[in-house]
Amino acid sequence: MVEHVGSVAIVAIDDQQRVLQIRQYRHPAGHYLRELPAGLCDKPGEPPIGAAQRELAEEAQLRAAAWCTLADLRPSPGISTEICRVYQAEQLHAEEQAAARPDRVRLPGEHPAARPA
């Protein structure tokens, strides 16, 4: 069994009801995958909502004004203790001082702020 710190995933929905996806290279898969913004709950004392807000800002350079919890999932219950809290984020707006992430590519057309670099 693999002990896991937990994770969060964000279903970020824009004002046109489109869901943001991140295109990210994953070495084990050998190619780029479409993923929801997500990450680990690995900062001591940070609540899951804080991790979700941080991941949305880091991976998509976005903030959301409205958040709600959708589900707590166990992605690999046969081998891991991981629990992934899934949030819905709406009322999206661009991060003020967004730093470009060369390892992440937002998919064109998925969100108005998601334009190819």
### Message
In whole Hz and in residue order, list the ³J(HN,Hα) couplings for the range 5-17 that follow from phi through the Karplus curve 6.51 cos²θ - 1.76 cosθ + 1.60, θ = phi - 60°; x for Gly and Pro.
### Response
6, x, 8, 9, 9, 10, 9, 8, 10, 7, 6, 9, 6
### Message
Quick check: pseudo-label points 7 Å beyond the Cα along Cα→Cβ at Ile79 and Ala94, how many nm apart are they?
### Response
4.1
### Message
Suppose each label sits 7 Å from its Cα in the direction of the beta carbon; what would the Val5-Glu58 distance come out to in nanometres?
### Response
0.8
## Note on the structure
Most packed first (mean Cβ within 10 Å per residue), the peptides 52-65, 35-48 order as 52-65, 35-48
### Query
Quick one: if you stick a label point 7 Å off each Cα along the C-beta vector at Arg26 and Leu70, how many nm between them?
1.6
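We did not get these values from a lab; they are worked out from the coordinates using the rules stated. All figures in this text were calculated on a predicted structure; none of them were measured in a lab. A quick note on method: Cβ atoms are made from the backbone with ideal geometry, for glycine too, and the neighbour counts reach across all protein chains shown.
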